[in-house]
Amino acid sequence: MTTNWTEENLPDLQGKTIIITGANSGTGFAATKFMSAKNAVVVMACRNPEKANMALQNIKKDNPEAKLDFIQLDLSSLASVKQFSEDFKTKYSSLDILINNAGMSQTPDIKTIDDFEMQMGVNHLGHFALTGLLMDRLVNTKDSRVVTMSSMNHEQGIINFDNLFLEGEYHQMKAYEQSKLANLLFSYELSRRLTQAEVSVESIAAHPGFVKSNIMKSNEYTKRSFGFTLMFNIFDALLAMPPSMGCLGIMRAATDRTIKNGQYVGPTKMGGFRGFPELMTSSDKSKNEKDAKRLWEMSEQLTGIKYVF
């Protein structure tokens, strides 16, 4: 009989430096709270300074000893990603865990500052650039890890290599599914390249299950229809786990040494909607090495970031 993995399984993280993107809400906020309670230094990489500082103060209220730092990061801007990596490196000489958690879902057909489709730009290309720019810190830190958040929706995803930004054929859900498949192709390809380079960094993917979070709610980028909102609210009430459960996958992927380079962690109950994080298998599409290499090369060209191991 397996024991359920919870935040109680987190080891002492004293001396560890962790970056969590999207740390001010949802799974990112919950992971920040739990991991700082285990003595880690957590760098909150967030777009909105006001929301980030409010989240930081909320954690400090419960845990005055929490070692938290906010550095602004807008994943929809390559200039911001570069600035974040420079700001981080000025302050920190090591990086134990990078958690690529932030994400956008079902935005209308809008572009990032660099003219990328928003969901592919934020969910994949922004994190691709961030990881590449921080690779020197990761390589120089013993047993470091990159954790990339995907989704069950990757299973419906298709990478449109001939039209990555879905110009003229945009569909908000297809764009989201594509970006989440890209997260897994990236995570697995990174793990292969790290192994080949014989460095001690590990790349592990996770998914959160169905979580009460802000990602599917109306925001400054997208408004939901009344029908969608009604249906979502019903599913949310019946099935959604709190962020304190949804963050367990990324935390297990980040800290559990029984999980190995190139693996995938997430809840498996009710079709992956709920449950404690376990080792699991992703779709055959996500393991297509030819597609992963092609996406990697496109990502390098689009971001201008080359990985150095």
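List of remarks:
- Share of pairwise Cα separations in segment 66-160, more than 18 Å, in percent: 50 percent
- Altogether, the Stokes-Einstein calculation at 37 °C and 0.692 mPa s, with the Kirkwood radius of segment 1-77 over Cα pairs as Rh, returns a diffusion coefficient of 258 µm²/s.
- Among the protein heavy atoms of the chain, carbon and sulfur supply 51% of the accessible surface, probe 1.4 Å, non-protein parts ignored.
- Accessible area per residue in Å² at 1.4 Å probe, computed on the chain: 44 Å²
- Qualifying GluC sites (Glu not before Pro) in segment 121-172, DSSP loop, other Cβ atoms within 10 Å at most 14: Glu167, Glu169
- Whole-angstrom gap from segment 250-309 to segment 117-162, using each part's C-alpha centre: 9 Å
- Accessible-area ranking of His124, His171, largest first, probe 1.4 Å: His171, His124
- Taking only alpha carbon atoms, segment 71-111 gives an Rg to Rh ratio of 1.06, where Rh is the Kirkwood radius.
- Long-range HN-HN contacts of Phe70 with modeled amide H, under 5 Å: Met44
- Diffusion coefficient of segment 147-211 by Stokes-Einstein, Kirkwood radius over Cα pairs, 20 °C, 1.002 mPa s: 167 µm²/s.
- Fraction of the pair-distance distribution of segment 1-137 above 22 Å, Cα-Cα pairs, percent: 38 percent
- Computed 3J(HN,Hα) for segment 157-165, one whole-Hz value per residue from the Karplus formula 6.51 cos²θ - 1.76 cosθ + 1.60 where θ = phi - 60°, is x, 9, 7, 8, 5, 7, 8, 4, 9, glycine and proline marked x.
- Val211 long-range amide H proximity, modeled H, under 5 Å: Met241
- The calculated 222 nm mean residue ellipticity attributable to helices in the chain amounts to -12000 deg cm²/dmol, summing -39500 (n - 2.57) over DSSP H runs of n ≥ 4 and dividing by all residues.
- Quarter the surface of the alpha carbon convex hull of the chain and you get the mean projected area, 15.3 square nanometres.
The values are calculated or read from the model by the stated rules, or taken from the named source; none is laboratory data. These numbers come from a predicted model, not from an experiment. Cβ atoms come from the backbone with ideal geometry, glycine included; neighbour counts cover every protein chain shown. Accessible surface areas use protein heavy atoms only, side chains included; no ligands, DNA or RNA. Shrake-Rupley method; radii C 1.70, N 1.55, O 1.52, S 1.80 Å.
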